[in-house]
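Here the structure comes first, spelled out in structure tokens, and everything after it is commentary.
A short reminder: the numbers here are calculations on the coordinates, not readings from a lab. Computed from a predicted structure; not experimentally measured. Note that each Cβ is placed from the backbone with ideal geometry, even for glycine, and that neighbours are counted across all protein chains shown.
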Amino acid sequence: MGDVPAAIRHKARSVMVLVYKTLAVALVALGAPALLNSVNEPVVSLVETVLVSRVGTLFLAALAPASAMFGLVEEVCFAFSVAVTTALSALSVEREALGGGARAKLELAPPTEETTHLVTASVCAAFVGGLALALALQALYGPICKIMLVPNEVEALLRMYTVFRCVGLPMFAAANALEGAFLGRKDALTTMWVWLASGVITAGLQVLYITPGMGATSAVLFAGIALTTGQAYSFAMFSIIARRRGFLVLRSVFEVAETFSQSAKRAFKKLVDAEIISEVAWLVLNATARMTTYMILTTFATQFGVVPAAVNKTLLDIYILLGLCAEPVFTVGNVLLPRKRDNPEDVAITRRALFSIALFMGLTLGVAAYIACGSAVLFDDPRSLEMAKNLRVVVAVTIGFSTAAYATDGCVIGTGDAKFVGTAQLVNIAIFIAGFIFLQRSYGAAMSLQHVWSALLAFQALRLVEHAWKIREDEHALGLAIRG
């Protein structure tokens, strides 16, 4: 009898080794391309920050509120990619079984009518959603500037920047929905090359036109044009490839015999039945809550002065870029876990392994953040560099928690629990705001970026604890005792 536990432990270790090998393959095949996809926008934003800082620290500080606003709306656009990926991953289970599980067959096989309708409806909904976001941002620009304490002298300048950025939003949202279609069919290479080309085009235009010798108006003009050009390119390329492969067909949504209203209602019902609308709604709440914290940070940093505002802008760009380096784990969880829902124990083991990888990534990227905060390349102004060095411990720890929490998001969303993520974030943002009120009342005029980033650290730590609790509770609910 004494050998039974040892045998069980040996079997458990063998299973975990197999799981890690499987995940290693998935992280390379799906995760690596997804990483290049996800860091495209943050890299472009960081390039913009570095170039604009050389035009002037004052202008960089002024640009920060607009960047925070678009960070929020672009996070909302990302929700379409995640929702479509999850839906198509679930739909493809039966297809993979019929095809013997061959990845190539899934990528190249003609899409079913259901897949075509679902993808096309999602892309149309994403485009309309992006258009609505752009119009709302323009309509609410004045009140948002007042809330975020944007100086009057730069408000008109930033209006021009937002107009150019808003032109690209509908295309960016639709491109994200198309990305989800490719990832849902386990084709990460196509998305990688499209986003990579888009990023190169955008960064190339930025480097070419945003130079220290130009004025603020020209810098804003070309910054907006460069980003919109890249988004238009990605939408055009995704659309062309999707149409060639047969899963973007407008007539599958808009029948000749139907009115536009009837077609729209039918498409909406399709998205509801596939749970895409529900998942997008919860993911939007999640993104809104998370990005609201960054907007609050930016608002307070603007109050602290030009140098703190400029430093905070660069730190947030580093924070978002390194945080999204967890995308491989997020994507693998979001793609693989829907295919394992019929085997709860397999789900639990895979999630536990992904969670361990997420913690490791948080540690390594936290170290990278610490190094980046002392870089003279990113902080051109000596005053900015000194302030960044004083903040690098709290920023590094915050990025470590944020990376691990974001990676674990995929482990939770992939099992159909986007509602949990969205609900938890609503609670978290309420706690975050309450914490800010407490800090402001406690420190008043003595409040600094150190206090602001400490509050963000607590917010991200809370996210990670919630996910760890959720994973453990799911295992207990299933009566599983996974070790390792």
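Values as computed for the structure displayed
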| read-out | value |
| --- | --- |
| Alpha-carbon spread of region 294-437, three principal axes, descending order, Å | 56, 31, 18 |
| Total formal charge among the other residues, if their Cβ is under 15 angstrom from that of residue 323, Lys/Arg +1 and Asp/Glu -1 | -4 |
| Whole-Hz ³J(HN,Hα) from phi, Karplus 6.51 cos²θ - 1.76 cosθ + 1.60, for region 41-46, glycine and proline x | 5, x, 5, 4, 5, 5 |
| Within-13-Å neighbourhood charge of residue 230 [Cβ basis; K, R +1; D, E -1] | -2 |
| Ranking of 41, 114, 327 by count of other Cβ atoms within 10 Å, fewest first | 114, 327, 41 |
| Built amide H within the under 5 Å cut-off of residue 249, gap 5+ | 120 |
| Gain in span if fully extended, residue 147 to residue 343, counting 0.36 nm per residue against the direct Cα distance | 65.7 nm |
| Neighbour-count order for 350, 112, 299, fewest beta carbons within 10 angstrom listed first | 112, 299, 350 |
| Ranked list, fewest to most other Cβ atoms within 10 Å of each Cβ, for 161, 443, 319 | 443, 161, 319 |
| Kirkwood hydrodynamic radius (C-alpha pairs) into Stokes-Einstein, region 146-198, 4 °C and 1.567 mPa s, D in µm²/s | 95 µm²/s |
